[in-house]
Every structure is written in structure tokens, then in C-alpha cells.
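I have placed the structure first, in the form of C-alpha cells, so that the comments after it can refer back to it.
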Amino acid sequence: MKLIVSIILVFLLFSCTSTKSTIKNIDPTATRPKIFNSAFVITEYAKDTQYGYDPDYPINLGPISENLEEATVKLFFNALEGPNQEKISYLKTDTCCPFPTENTTMGAGTLSIYEVTFEGSSNKISLHFNIYEKGQIVCPKGLKIKKTKE
């Protein structure tokens, strides 16, 4: 009986992770933006409306360890503001979308989903983040880059 349960658990574990990544915007040559005043220095806007919004086009912040996710996501959001210069708030609400990666000991990673709200508005957006792979870090459509005060 234990053998059957073990076989079923192993089967379920491996069936949850795809053998091929669907993430389309991984760029191993990308460089992480500089940091200024506790924020990434983001200089470009996403050309693709799917960037961040679609799990196949997440915001690739990696590779970083899981214990650095919160601080790195904070650097990202500290560089941005709402479409009308509103202050933004964010909260990690879920994980999804397992994918294979060589950047974890288990060989798989998941995306983190953050809900973003805008001060004075009931509007919300959800953005997908990948801490396991590199990619260009740019401003998603619907947000603005904060002007830095040097």
C-alpha cells in the first residue's frame, strides 16, 4: 500500500512541472538595473503589452535566492508609480505556473503574482515575477517610471 501511495505521489509531483518552459522573454545576457535611492533605475518602457501581465512574459528579476525576492521586488516597485503619478502599493497574492529551470536545486521554479493598487483608485492590476531567470527589467504598460531626484 505504501508503495502505491509513493508511486502516485511521485507521479503527481512530476506531472505538475512542465518539461519545457513556456516563458518567452528570458534573456541570459540581460543586466540588472543600477540601484539609486532604494530603487532600480528603470529607463525603458515595455514594448509588449503582455510584459508582466502574462505568465509567459513575466518580469524576470533573477537569478536570485527566494529570501531576496521581497527586497528585489521592492526595488522594482520603488522605481514606478501609477499612470497618473499615483503612489502604488503591492502585495504578493499567489504563486503559479511551475516551469523547469537550472537555477534551483529542485530543477523547477514558480512565478510570483503581485496585486498592485493605486492610491485614490479602486483599480488593480496583477503582475507576474520570475526570480529564477534573467530578462530585461522595464516598466510594464499601465505604470510610469518615477522621475529620480539626484
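Overview of values
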{"read-out": "In nm, spacing of pseudo-spin labels at THR93 and LYS74 (7 Å Cα→C-beta vector)", "value": "2.2 nm"}
{"read-out": "Degrees, to the nearest 10: 2-15 long Cα axis against longest axis of the chain", "value": "30 degrees"}
{"read-out": "Residues GLU102 and ASN37, FRET efficiency given R0 of 41 Å [Cβ-Cβ distance, rounded to 0.05]", "value": "0.75"}
{"read-out": "Linear extension gain, ILE64 paired with GLU44, 0.36 nm per residue minus alpha-carbon span", "value": "5.0 nm"}
{"read-out": "Most to least accessible of VAL41, VAL138 (protein chains only, probe 1.4 Å)", "value": "VAL41, VAL138"}
{"read-out": "GNM flexibility winner over the chain from LEU61, LEU91, LEU127 (Cα, springs under 10 Å)", "value": "LEU91"}
{"read-out": "Among [x] 36; [y] 29; [z] 18, the entry that matches percent of Cα pairs over 26 Å apart as calculated here", "value": "[y]"}
{"read-out": "Carbon and sulfur %, accessible surface of the chain computed with the full protein complex present, 1.4 Å", "value": "56 percent"}
{"read-out": "Pairwise label distance in nanometres, THR22 with ASP54, each label 7 Å out on the Cα-Cβ vector", "value": "1.1 nm"}
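The values are calculated or read from the model by the stated rules, or taken from the named source; none is laboratory data. Just so it is clear, the structure is predicted and the values come from calculations on it, not from any experiment. Every residue, glycine among them, receives a Cβ derived from its backbone with ideal geometry; neighbour counts consider all protein chains shown. Please note that ligands, DNA and RNA were not included when accessible areas were found on the heavy atoms of the full protein model with its side chains. Shrake-Rupley method; radii C 1.70, N 1.55, O 1.52, S 1.80 Å.
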